[in-house]
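Following: one structure in structure tokens, then a few remarks.
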Amino acid sequence: LAKTTQPISMDSYEGQEVNITCSHNNIATNDYITWYQQFPSQGPRFIIQGYKTKVTNEVASLFIPADRKSSTLSLPRVSLSDTAVYYCLVGDRGAGGGNKLTFGTGTQLKVEL
Amino acid sequence: GAVVSQHPSRVICKSGTSVKIECRSLDFQATTMFWYRQFPKQSLMLMATSNEGSKATYEQGVEKDKFLINHASLTLSTLTVTSAHPEDSSFYICSAFLITDTQYFGPGTRLTVL
């Protein structure tokens, strides 16, 4: 399983764009990159997933360089409600890989006024 | 996204009793479900992989006789904490895997053992 490394914490202010970078040097060919958000006493919530280049949905963008050894989650114009822990995970989502995921430390994002 | 539910959301029990936690995939069939445990201020730790119709696969260090997992149908997996002790108090989270998609997590179950 590919190991991921993220900053332990980040601080931001409302209305700013936040970029959280994750390192996954040992990512395998079949691995996808997935980001989750977790609030206290809740299960992780799926944010976005990608394999390469750029993926965008209604809440975030995910940038993946050609070598796929890192990825960046971009949250546009954060608000107080975006204060949470963000996890970057890599795993094979196919039947053979079983999508087994290993959680790293995550990044505690704190958004202030 | 797909919806995964857990029941109960929180449970308090006496030391020595057994507690069952249910995990259901509400709008899809999941051949594989996962069980995690999370202690305060820590990340999620994978406990076991639950496969429908077969025995669960436990991570190293997780006692399979203490944490019984049953995955009897494509939408239901259960985790039973047998003879619970205060050190088993934790936040237990399940997830269901949708092939070629991703894992979707349940809301979690807070277990407190007195």
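Below are the figures for this structure:
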{"quantity": "Qualifying positions in the range B:49-74 - of a type in the set (Ser, Thr, Tyr) and more than 13 Å from the chain's Cα centre (by Cα)", "calculated": "B:Ser54, B:Ser73"}
{"quantity": "Unique match (being of a type in the set (A, V, I, L, M) and under 26 Å from A:Gln108 (Cβ atoms)) among B:Met33, B:Met47", "calculated": "B:Met47"}
{"quantity": "Residue match in the range B:78-92 (condition: at pLDDT below 95 and surrounded by 13 or more Cβ atoms within 10 Å (Cβ to Cβ))", "calculated": "no"}
{"quantity": "Of all residues in the range B:17-42 being surrounded by fewer than 16 Cβ atoms within 10 Å (Cβ to Cβ) and polar (S, T, N, Q), the one that is nearest to the other protein chains (Cβ to nearest Cβ)", "calculated": "B:Gln42"}
{"quantity": "Residue check for B:Phe97: among the aromatic types (Phe, Trp, Tyr), crowded, with 20+ Cβ neighbours inside 10 Å and modelled with pLDDT under 95", "calculated": "yes"}
{"quantity": "Residue that is touching a residue at least 12 places away in the same chain (Cβ under 8 Å) and away from chain A (no Cβ under 14 Å), where the choices are B:Leu111, B:Leu76, B:Leu46", "calculated": "B:Leu76"}
{"quantity": "Spans of strands (runs of 3 or more DSSP E) in the range A:1-79 with at least 3 residues surrounded by 13 or more Cβ atoms within 10 Å (Cβ to Cβ) and within 14 Å of chain B (Cβ to nearest Cβ)", "calculated": "A:31-38, A:45-50"}
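The values are calculated or read from the model by the stated rules, or taken from the named source; none is laboratory data. The shown structure was predicted, so the numbers you read here are calculated from the model rather than taken from an experiment. Note that we place each Cβ from the backbone using ideal geometry, even for glycine, and neighbour counts take in every protein chain shown.
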